[in-house]
Amino acid sequence: MFRISTFFSMLLILFTTFTLARAGNSYVETASELVDNNLYFTAVPYMKEYLAVGGVASNSRVEDLIDEIITNTGVRQFEVFPIRILERSNAPIIRYILAKKYFRRGKYDRALGNLRKKISTRHSVKPFALLLEASIHAIQKRYASAVKVYKQCINVSNMHIKREGDPNRSRQLSVNRDNCIVGIPRAQFAAKKHNVANLSYLDLSKESYIWPEILFEEAWNSFYMEDYNRTLGKLVTYKAPVFDYIFNPEVDVLRALSYLHLCLYKDVKKTIDEYYSRYEKETDRLHGSLRRYGKNYKLFFSLADKARTGKLGAKNRILGRMLKAILRDPAYIEQRAAYSKGLKEIEALSNLDGRRKKREFLRNLKTSLELQRDLIGSYVRKNLYMFISQLNKGFEGMSSIGLEINYRRKERIYRGLGDFDRTRGDVKYLKRNDKQYYWSFNGEFWADELGDYVFALRSECSK
Amino acid sequence: MKLKLFWIILILTIISLTSVMVHAVSNDSRRQQLISVIDDELREVTRLNKRTRGRKPLLFLRMAELLLEKARLVKEGENNKYMAMSADKRRRANKKNHFKNSRGYFKQAQKVCYHIFKKFPHIKQKAEVYYILGSNAAEFQDFKRAKKYYKMAIKGSTRNRNLMLRTKLALAEMHYNDGEFRQAISLYEDALKKHRDKWWTKDAYNLAWSYFKERKYNKAISRMKQVYKMSKGARFVDVSERARRDLSYFSAMAGKPQTVGPPQTGEELVKVAKYLLSYGKYLQARKTFISALNKLTSDKDKVEVHVNLLQLYERSRSYQKHLQTSQTLAGYYRKNILNDEQKEIYKLQLKKMASILQNQVVGKTYLHEKKKRTRKTRQAVGYFDVLTGVDHKNAYMYHFAAAETLYAVGNFNHAIDYYDRAYELSKVARNKKIEKEAQKGLIVCIQQKGVSSAKKRKYTVQVYNDYLKNHPRSQRASAIYQRLFLEYMRKNLVDKAEDVLVRFKRYFPREHQKQETMLAKIMDYYKKRQDKANFSKWVKKIKRREFIVNPKYAKQLGRILLAMQFESVQGFVTKGDKKKALRAYVDIYKDPETSTAARRNATYNIMLLFHELRDARRTVGWAKRALKLMNPKEILRFETSFLTIAAELFSRRKFEDSVLIYEKTLKKLCNTKSKNKKTFFKNAYVIHLSEKKVEEAKYLIQQTANCHIPENVVNEARLEILKSLKELGRWNSVENQIAKLEKKRRMWPELIGPIYHLKNALERNGKFDLARGMKSKIMRFYKYSRKRKMKIPLSGLDVVAHYKVQELGVVVQEFNKLKLAFPEKNYNSLLKKKFAKLDRLTAKALEILSVGSGKGLVRVYKVLIESYESIVREMREFTPPGKGPEYTKSFRKSMIQISLPILKKVGEFKSEAKRQISGNNILSNENYLFMSSAKLPIKIEYQYSPGAVLMDRGGRR
């Protein structure tokens, strides 16, 4: 009896495999045909179906196909796939997606395991895989290894940029390279090699898309080097109108902290009060609104789109700034651009012959585009909440600094030294120092000076 | 003038009031500043708390802390205001109302704390909250609750060291105020280790007092000193005045005169000490006196302190310190610094203490406490020493007393010196009694153990001679003579010792025993030094009966004298001068006065010397003498010498001499347990047999029948005799010998061979009737031996195999008789029969192989091979009669095929025979059949090994 059952089951397996393989092949063929006609979003469900059925071999036609689709739709479309399905494939591109998933879940060793399976330098995913690998090393405090991989990432990214003809792809690679460039000082910073990190930050070109954000990191590095004037100089750059899209509440906290270290208590107090008056009420209001949105990604998508098209209105100033920051984010730009391209596929499909086929394609495209929209909405939501969290952290930070000042004041009084002199840390005093660049910044910035400002404030601590 | 003074006072008052007011105002402003900062902090905390939606317990805690801090500051202000009121106004004021503000803040703080516990029951900073609650309780005068909260705060506070410190200090202060000093001490101690703020002196001051209250004076003083010292520094609150005041108090109570501040003079300390003395604080007084002593400069003052100390030490029975002080005072006494009263006290103290200690030493109290007793002796002697310096006139008395004290504890070594001094000084002082006693003490001490040899050397002879000079016949003199004698002997002054012996004999002629002992010492001395002359001088004296000694001892002395003779001969031997040694031994041998034992020794030694000189003839002669003189025990001791000598003689072919020594020694050893008896016996009979002296060998066996020689050895000898008889062809004797031996069944295996030879001899001589039955006897002996697994000699096995092979011959003959013949049917039947015969033959042959005879084995293989080869030959060479060539050809072919395995078997037999011959070293006449490697048509029967010689048992060819 057993023998017969086994026989039939084997027969069944053979039959199923054969059928599925045949189905898989048909998915690939359809997807391939769609890609050839630039219908990337339409092709996505077929590729997903294919992945659900079987694995992807390395350097196969299917892998190339997925790579092309990802380049045009973004990697997130495939990131939503369950791990168990992705695990089946051996192709570098899938392994990279898998590694990214593990990375997000904090399973760094598994992520590293997927990345370490040989990916050729010439493979299109290699630069991104290297960035991911280096980031894992840095997180796991293997700074030397991190720096080594970051350097490799820079070289490989440059190599790919030279070969790349697609401007979209080229931009992605440039951003990737720049992230690797700043990855090095970041690792050095984490390893407390602040002097080295200071020099390494200079390797990032000011023309880089990510440079404005990095300025803040440089400011922290200077802070750790106890070069508070340089920290303040770096931070003041954010007051330049060209950087009005940058939303980073921590900039104010770092500024207050720098003043505190220079014992310029008046300035600290001023910074704290300004922070509270600027953000307190609006944060509460914004938080209330966002809570009402819940997890309706479509609303978040629309919110960002309104901001993009200038239809948001000026009711909530902070929200506007936050959305402005999100809109300048390369990840958002990439996803949004892909979505726009996807919309154009509707038009292309409508010209297609054959009703049944057309209906099927349109349904598939709709699924892909809705997912893309939700992915964008989710991204916007996540960023907005992150900003709010930063603001709240900022409130705490500021209050802590305020309490610290009070503590110091009290100490002085208890020691019989009296309260702090009112003139200390006064702006008037600063103005007397002609070495400083402490002027009104409106319209006074020169592009080549951005990020190079250094304050000349004297520490009041010894007095 | 008065008016002027009034104005000055008024101005000063105003100035002082102004300064107080300024101070109050400045404090007020400071407080206001602090309150303003606290308000700022509170605002900040509230703002943050609002932002975090009251989710952070730490913010509440901070709030509570700030409220408590503010409450304290506000209360401080209220307090100041309250105190600034006039007494009347204060009395009328509503206190509750006055402190309303601060109470409000305290309550707020408390409320916040309760809120924390309610909302965050698992908050980690519980200790901090408890501290605030404790502080609040303290503010509300609820100390019991405050203590409870503080304790809880301490229990929970592990990370916040500052809080722990504050809590401990607060709790310690509460305990201190409540008079719970023990609890306060542990808390203060702990807290003071960790903090050094300006209030440290105040807390340490409390701790010092806590120690004092708990009667820990040393700690209290040490801590208070620290407080005094630290108070001088600007960092701390100055409590130095209080500390100095309290320190004096502590010190006085603790009996420690030191204090802080300007040091006190010696004179001041003396006053303090006297003061303490008057109040009966002897211990404190003593300590103060000692402290004063270090500061005093005047000798008179020092003497006064010492005299006081002497009395205090006496009171406390501090003997050692009393003695040290006494010794110190001795110096001042010599300088005549002491006044009469002090002198009187000093002498009295010395005598009193010396007497107490002497009594303690002599008494039973410390009899079993050796260490204490020794110490007390040392102290007593110390006092006597001091007294000799203070009271010169009676010095001999103190020396004598010291000597007696030392004698009492058995310290004779030191006692001698004191006795000697007492003896000498008493002679000067003409005190006969002490002189006599001291001399007596000296004599007794010298004899004791533990007296150093140097002292013995110094005193013994002198003291004994002094005594014997005055009392040559006294009862004590007898012992003294002996001791003096021993002393001289120890110093190797034998002449003087002999003189003492002579004197002793003169004054004590009947004490023969003692004389003999002394004499023995002298004799030993001369014997050791080999001084034969002096030794014989004293032996002669004894013989002349000048000294009466035990006859045994006299005899022993004679022997010693003889031994001394031998010792000289031994010297020659050692030096290798054998000639002189021989001469000396011969002299001893010949000396008629020589004892038998000495003669025996001499004879033996002479034998050995001649043996060493390889003089066989004389060796044998002296050996005979030695064997005659020596008893079996002695021979047993030296049997190896005789064995060696006999072996040496044998090797020099002196068979007769050799066998003579073997036999004679064996006879002497007959009843001893000698292990060499076997060797002597074996060697003797072997030599006899080699000399063909069979009868002597037989006689030897007879003579040694009772010598307990193992039977197997004797049987072996008998067999050897049988063998010799056979060799000599004395067949009658052989027959007799066999008849004797076959009675013992265990001899049967050995007899198989001899019986066979006897049988052959008888047959050769035609005595077939006598030979008859011998074969069956042989087979019977064989079967019997085989059954009992007895070891049969190879020759015996060869005999048995020989007979068995003879029987095999019959089977072979039957086999050979059967010839193959045609017709075919017959042929086959014959061949079958032939094979059956061959099988029987083979079985029989294998049976013979089991006998184990080498020769038999070879013969059996020979028979087997021959038989197998014969059948092969017969089969192959057979030609079927009347048959055509084709039939013949096929017949032969098949015969060849059939015979092949048989031929193969032949080969196997050959190689097996060869293997057995080589493997078991078989020497057989048929060996040539298998061992010859030459490829010759014929086999060579005899082979000669070059260099081989055949000899008989005597080594003759």
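The values are calculated or read from the model by the stated rules, or taken from the named source; none is laboratory data. Computed from a prediction, not measured in an experiment: that's the story for all the values here. In this analysis, Cβ positions are derived from the backbone assuming ideal geometry, glycine residues included, and neighbour counts consider all displayed protein chains. Just the protein is used for accessible areas: all its heavy atoms, side chains included, with ligands, DNA and RNA removed. Shrake-Rupley method; radii C 1.70, N 1.55, O 1.52, S 1.80 Å.
Using a probe radius of 1.4 angstrom, the carbon and sulfur fraction of the accessible surface of chain B is 52%. Computed from backbone phi, the HN-Hα couplings of the range A:115-121 come to 6, 6, 5, 3, 10, 5, 4 Hz, rounded to whole numbers (Karplus: 6.51 cos²θ - 1.76 cosθ + 1.60, θ = phi - 60°; Gly and Pro given as x).
Computed from backbone phi with θ = phi - 60° and the Karplus coefficients 6.51, -1.76 and 1.60, the 3J(HN,Hα) list for the range B:233-243 is x, 6, 5, 10, 5, 8, 10, 4, 4, 5, 5 Hz; x is used for glycine and proline.
Over the range B:472-556, what per residue volume does the convex hull of the Cα atoms give, in whole Å³?
Per-residue hull volume (Cα only) is 83 Å³.
Once B binds A, the 1.4 Å probe can no longer reach about 1900 Å² of accessible area, counting both sides.
Taking 1.306 mPa s as the viscosity and 10 °C as the temperature, the Stokes-Einstein diffusion coefficient of the range B:710-792 based on its alpha-carbon Kirkwood radius rounds to 122 µm²/s. Accessible surface for A:D64 stands near 90 Å², nearest 10, in the context of the full protein assembly shown (1.4 Å probe). Other residues with beta-carbon under 13 Å from the beta-carbon of A:K117 carry, at +1 per Lys or Arg and -1 per Asp or Glu, a net charge of +3. Per residue, the solvent-accessible area of the range B:813-931 (1.4 Å probe, heavy atoms of protein chains only, all protein chains present) comes to 58 Å².
Isolated cysteines in chain B, defined as those with no second cysteine Cβ under 4.7 Å, comprise B:C113, B:C445. When the square roots of the Cα gyration tensor eigenvalues are ordered a ≥ b ≥ c, the ratio a/c for the protein assembly as shown is 1.5 or more and a/b does not exceed b/c, which makes its shape oblate. Packing, as the average of other Cβ atoms within 10 Å across residues, places the peptides B:83-93, B:522-532, A:30-40 in the order A:30-40, B:522-532, B:83-93, highest first.
A 1.4 Å probe run over the range B:710-792, with the rest of the protein chains in place, finds 58 Å² accessible per residue.
Stretch B:S474-B:D340 to full length: gain in nm at 0.36 nm per residue minus the Cα-Cα span?
43.1 nm
Phi angles of the range A:266-277 translate, via the Karplus equation with coefficients 6.51, -1.76, 1.60 and θ = phi - 60°, into HN-Hα couplings of 4, 5, 4, 4, 4, 4, 5, 4, 4, 4, 4, 5 Hz per residue; Gly and Pro are given as x. With contacts taken as Cα pairs under 8 Å at a separation of at least 6 residues, the range B:39-254 carries a relative contact order of 11 percent. Rounded, prolate or oblate: which fits chain B, taking a ≥ b ≥ c as square roots of the Cα gyration tensor eigenvalues, rounded meaning a/c under 1.5, else prolate when a/b beats b/c? Since a/c reaches 1.5 but b/c is at least a/b, the shape of chain B is classed as oblate.
The packing ranking of peptides B:185-192, B:506-513, B:327-334, highest mean first, is B:185-192, B:327-334, B:506-513, where packing means the average number of other beta carbon atoms within 10 angstrom of each residue.
Would the range B:53-201 count as rounded, prolate or oblate if I go by the C-alpha gyration tensor, calling it rounded below 1.5 in a/c and otherwise prolate when a/b exceeds b/c, oblate otherwise? Since a/c reaches 1.5 but b/c is at least a/b, the shape of the range B:53-201 is classed as oblate.
Counting only heavy atoms of the protein chains and using a 1.4 Å probe, A:R373 has close to 50 Å² of accessible surface.
Taking amide H atoms as placed 1.01 Å from N in the peptide plane, the amide H of B:C670 has no partner under 5 Å among residues 5 or more positions away or on other chains. Compute the accessible area of each residue in the range A:402-416 twice, once for its chain alone and once with every protein chain present, using a 1.4 Å probe on heavy atoms, and list those whose area falls by at least 30 Å². Residues meeting the cut-off: A:L403, A:N406, A:R409, A:K410, A:I413, A:Y414. Considering helices alone, the calculated mean residue ellipticity of chain B at 222 nm is -26000 deg cm²/dmol, with DSSP H runs of length four and up weighted by -39500 (n - 2.57) and normalised per residue. For the residues of A:387-399, the average number of beta carbons from a partner chain within 10 Å of their own beta carbon is 2.
When 1/r is averaged over all different Cα pairs and the result inverted, which Kirkwood radius in Å belongs to the range A:34-169? Evaluated on the range A:34-169, it is 15.4 Å. Per residue, the range A:297-411 exposes 51 Å² of solvent-accessible protein surface, assessed with a 1.4 angstrom probe and all protein chains in place.
Residues B:E180, A:E79, sorted by accessible area with the largest first, give B:E180, A:E79 [1.4 Å probe; ligands and nucleic acids excluded]. Charge tally around A:Y297: other residues with Cβ under 11 Å, Lys/Arg +1 each, Asp/Glu -1 each, net +3. With the highest mean first, a sort of the peptides B:409-419, B:767-777, B:608-618 on other beta-carbon atoms found within 10 angstrom per residue produces B:409-419, B:608-618, B:767-777.
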